[in-house]
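Novice: One structure follows; several queries about it will come next.
The values are calculated or read from the model by the stated rules, or taken from the named source; none is laboratory data. This is a predicted model, so every value here is computed, not measured. Quick reminder, even Gly has a Cβ in these numbers, built from the backbone with ideal geometry, and neighbours come from all protein chains shown.
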């Protein structure tokens, strides 16, 4: 019989992969970068389009795009003199969609937990 105790198993995410995953999560840790990725869920955008949509300066958008590009979350496609930024691949789309579902589910759970207390406070 092959019994494995909990302490005998190797970590599911270890070493270099853990570092790469942490780096990816770092790239997602700034709201402006997440907002840029949200815009790109609709398709490729030029920097000027992202500036208008987010109300950010060109230098700020370009800086955030550089970080996202360094972490393989976005790619740039040249069309003439303009660069259009897009999500790197379908894995980035899935990552964002799952993160959104997680946040929405967490928010729903918090609302459900608050309702009974709110009703008691209102004297119901």
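Novice: Select from the stretch 55-74 the residues that are within 20 Å of residue 97 (Cβ to Cβ) and surrounded by fewer than 17 Cβ atoms within 10 Å (Cβ to Cβ) and list them in ascending order.
Specialist: 72
Novice: Taking the stated definitions as given, is residue 22 out of contact with any helix residue (DSSP H, G or I) (no Cβ under 8 Å at 6 or more places or on another chain), surrounded by fewer than 15 Cβ atoms within 10 Å (Cβ to Cβ) and within 21 Å of residue 103 (Cα to Cα)?
Specialist: On the way: out of contact with any helix residue (DSSP H, G or I) (no Cβ under 8 Å at 6 or more places or on another chain): yes; surrounded by fewer than 15 Cβ atoms within 10 Å (Cβ to Cβ): yes; within 21 Å of residue 103 (Cα to Cα): yes.
The answer is yes for residue 22.
Novice: Any residue in the stretch 36-46 that is more than 13 Å from the chain's Cα centre (by Cα), more than 14 Å from residue 96 (Cβ to Cβ) and surrounded by fewer than 16 Cβ atoms within 10 Å (Cβ to Cβ)?
Specialist: Our first condition is that a residue be more than 13 Å from the chain's Cα centre (by Cα); within the stretch 36-46, this holds for 42-46.
Now restrict to residues that are more than 14 Å from residue 96 (Cβ to Cβ): 44-46.
From the residues that got through so far, the ones that are surrounded by fewer than 16 Cβ atoms within 10 Å (Cβ to Cβ) too are 46.
Within the stretch 36-46, one or more residues are more than 13 Å from the chain's Cα centre (by Cα), more than 14 Å from residue 96 (Cβ to Cβ) and surrounded by fewer than 16 Cβ atoms within 10 Å (Cβ to Cβ).
Novice: Checking the structure you have, find out if any residue of the stretch 50-62 is in contact with a helix residue (DSSP H, G or I) (Cβ under 6 Å, 6 or more places away or on another chain) and in contact (Cβ under 8 Å) with a residue 40 or more places away in the chain.
Specialist: no
Novice: Would you please name the residue that is modelled with the highest pLDDT, looking only at residues in the stretch 80-112 that are exposed (fewer than 10 other Cβ atoms within 10 Å of the Cβ) and under 24 Å from residue 49 (Cβ atoms)?
Specialist: 90
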